[in-house]
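Written below as C-alpha cells is the structure these notes are about.
What follows draws every value from the coordinates through simple rules; no lab data is involved. These numbers come from a predicted model, not from an experiment. Every residue, glycine among them, receives a Cβ derived from its backbone with ideal geometry; neighbour counts consider all protein chains shown.
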Amino acid sequence: MNEIRFPENFVWGAATAAFQIEGAAQEDGRGASIWDTFCRTPGKVYAGHTGDVACDHYHRYSDDVALMAELGLQAYRFSVAWPRIQPDGTGPVNPRGLDFYDRLVDTLIARGIDPIVTLYHWDLPQTLQDRGGWLNRETAEHFAEYAAAVHTRLGDRVRTWTTLNEPWCSSYLGYGNGVHAPGQQDPAAAFTAIHHLLLGHGLAAGALRAAGVQVVGITLNPTDVQPADPTSADDAEAVRLVDGMHNRIFLDPLLKGGYPDDMLAHVARYVDPATFIRDEDEKTIAAPIELLGINYYSPTYVAWRPGAAGDDKYPGTEGRVHFLPATGPVTDMGWLIEADGLTRLLERLGRDYPGVPLMITENGAAFADRPRYDPSVDDGEVRDPDRIAYLDGHLRAAHTALARGVDLRGYLVWSLLDNFEWAEGYRKRFGIIHVDYLTQRRTPKASARWYQEVIARNGL
Ligand code: GBH
C-alpha cells in the first residue's frame with residue numbers, strides 16, 4: 001500500500017467518556033445519573049454490569065495520562081460527569097467534583113496533551129430525569145448553567161469545548177426505543193428530546209461564547225445512508241427518510257438555521273412540533289460553532305418496505321423502512337466494516353455543510369483480543385490484528401476525504417481503554433489499551449503500538 005501523510009497540523013488523539021471509565025460512583029459527592037439507575041434496572045445492561053468501578057480512572061488518571069504520553073497522543077477527549085459537578089443537576093457546584101477535572105487537565109497539559117472537553121456524554125443527573133429529563137425544556141437551561149460552571153473552573157486551560165455527544169443516541173435510544181437510559185419507548189418523546197437537546201446545545205454554546213471560548217463545538221454520529229438497490233426509487237425514498245431522521249434533523253438546525261421541512265412534516269405524524277419548538281429556538285440552536293465532531297463506525301443500508309415490522313432501531317420508521325443486516329465483515333458489535341462509508345460521509349458533510357471544520361471525535365472497533373488467554377502463547381502481548389486493520393482502513397478513508405478537500409482537522413480513536421460499553425456492559429472491548437478488570441492492569445495492545453507509530457510518522 002502507498003505511504004500516506006497527514007497535514008502538518010493534523011491532531012492525533014483518543015477519546016473516552018466519564019461514565020464508561022471513571023468508576024468512583026459514590027465518591028466526592030457525585031450524584032446519581034440516569035445510567036446508574038439504568039444499570040440497576042433488570043434486563044437493561046448485560047449481566048447487570050454497572051459503572052461503579054469501571055476502569056477506576058478516577059483514581060488512576062495519572063497513570064492513564066502517562067500511557068497517553070507514551071503513545072504520543074496530542075489530544076485527549078474526555079467528558080465531564082454532570083452529577084459530579086451538580087449532584088442534583090442544578091444549584092451550587094460541588095467543588096470536589098470539579099477538583100478531579102482540574103487535576104486531570106493539569107496532568108494532561110504537563111504532558112503536552114491538549115484537553116478536549118465533552119460536557120454531556122449521556123450521564124444526566126437522575127434528579128433532572130425525575131422532572132422529565134430531556135422531555136422537560138428546563139433541562140436545556142440547566143445544561144447551559146452547568147456548562148458555564150465547568151468553564152469557570154477549566155476555561156483558563158481548556159481551549160476546545162464540545163457540548164453534547166451524539167444527541168441521536170440520547171434521543172432515539174434513550175426515549176424512542178429504550179435501549180439506553182432512561183429507557184423510555186415512545187417516538188414522540190424521542191423527537192421532543194431531540195429539540196431540547198439541541199436547545200441545550202445552543203444555550204450552552206451561547207454561555208461558553210459569552211465566557212470567551214473560541215472553539216465551541218458539538219459531536220454528532222451522522223451516518224452514511226445507502227440504498228439496498230441503487231436503481232430503486234422506493235429505496236431512494238427510504239434513504240431520504242433515514243438521512244433526514246439520522247442526519248439532517250440534527251445538522252440542519254445546527255448549521256443551516258432550522259429544521260428541514262420534510263422532517264417537521266414527518267415528526268408531525270407523531271407529535272405536533274409546535275408543542276415544543278418556540279419562536280426563537282432555531283436561532284438559539286444555530287449559534288456559530290467552530291468544530292463539528294464526527295463519530296463514525298459503520299454505514300447504514302436501507303430499503304423501502306411498507307408494512308415491515310420489527311425494525312425498532314429508528315423509532316419513527318416503523319412499517320416503512322427495512323434496515324439491511326450486514327452483508328460483509330463485521331466487528332464484535334455486529335456492525336458492518338466499510339471504510340468507504342467514512343469517505344462518503346466526510347465528503348457529503350463538506351459539500352452540504354461547508355465552512356465548519358470537522359474532526360473525527362470517535363472511530364474504532366470492538367474485537368475480542370486473541371490469543372492472550374491461550375497459555376501456550378501467553379507472552380504478555382495483546383494481539384488485535386482486526387482492530388489494526390479497521391483503524392488502518394478508516395485512516396486511509398479519512399485521508400482520501402482530506403485529499404479531496406474536506407476540512408478535517410484531526411482523528412481521535414475510540415477508545416483509549418477497554419471500558420463500559422453501555423447496554424453491552426464490559427463484554428465488548430473497544431480499547432487500544434487492554435484493561436484487566438480484576439486487577440485494573442493496563443496493557444497496550446498491538447494496536448496501541450501501531451497507533452504510536454502512525455502518530456510519530458504522521459501517516460501510514
Ligand atoms: C458511540 O456511540 C459512543 O459515543 C460511545 O460512548 C460508545 O462507547 C461507542 O460509540 C461505541 O459504541 O444499530 O447495528 O445499526 C455509537 C453509537 C453506533 C449508534 C452505531 C448507532 C448503529 C449500529 N452508534 N449504531 S446498528
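So here's what we get for this one:
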read-out	value
Neighbour-count order for Arg131, Arg320, fewest beta carbons within 10 angstrom listed first	Arg131, Arg320
Under the Karplus curve 6.51 cos²θ - 1.76 cosθ + 1.60, θ = phi - 60°, whole-Hz ³J(HN,Hα) for segment 258-264, x wherever Gly or Pro sits	x, 5, x, 4, 5, 6, 4
Farthest positive-ward along the chain dipole, Cα basis, beta-carbon charges - from Gly155, Leu173, Gln20	Gly155
Built amide H within the under 5 Å cut-off of Glu421, gap 5+	Tyr426, Arg427, Lys428
In segment 234-321, the GluC sites (Glu not before Pro) that fall in loop regions by DSSP, at most 10 other Cβ within 10 Å	Glu280
Span-rule helices in the chain, defined as complete DSSP H runs reaching 24 Å or more along the axis (Cα) with Kyte mean at least -1.0	137-154, 187-210, 385-403
Size of segment 27-175 as Cα extents on the principal axes (Å, biggest first)	41, 36, 29
Dipole-positive endmost among Pro385, Gly410, Trp122 within the chain (Cβ charges, Cα centre)	Gly410
Cβ-based charge dipole, segment 11-457, positive-most Cα from Val242, Leu199, Ile34	Leu199
Set of aspartates and glutamates near Lys44 by C-alpha distance (under 15 Å), chain-local residues within fewer than 8 positions excluded	Asp36, Glu421, Glu424
Distance cut-off 38 Å, percentage of C-alpha pairs in the chain lying past it	17
Residue-averaged 222 nm ellipticity for the chain, from DSSP H runs of 4+ at -39500 (n - 2.57), nearest 500	-11000 deg cm²/dmol
Table column - 3J(HN,Hα) (Hz), segment 417-429, Karplus curve with 6.51, -1.76, 1.60, x for Gly and Pro	10, 3, 7, 6, 8, 6, 4, 8, x, 8, 7, 9, 10
Amide hydrogen neighbours beyond the local backbone of His49, cut-off 5 Å, H modeled	none
Net dipole in debye of the chain [+1 Lys, Arg Cβ; -1 Asp, Glu Cβ; about Cα centre; nearest 20]	480
Coordinate range along principal axes, alpha carbons of segment 149-244, Å, largest first	54, 30, 17
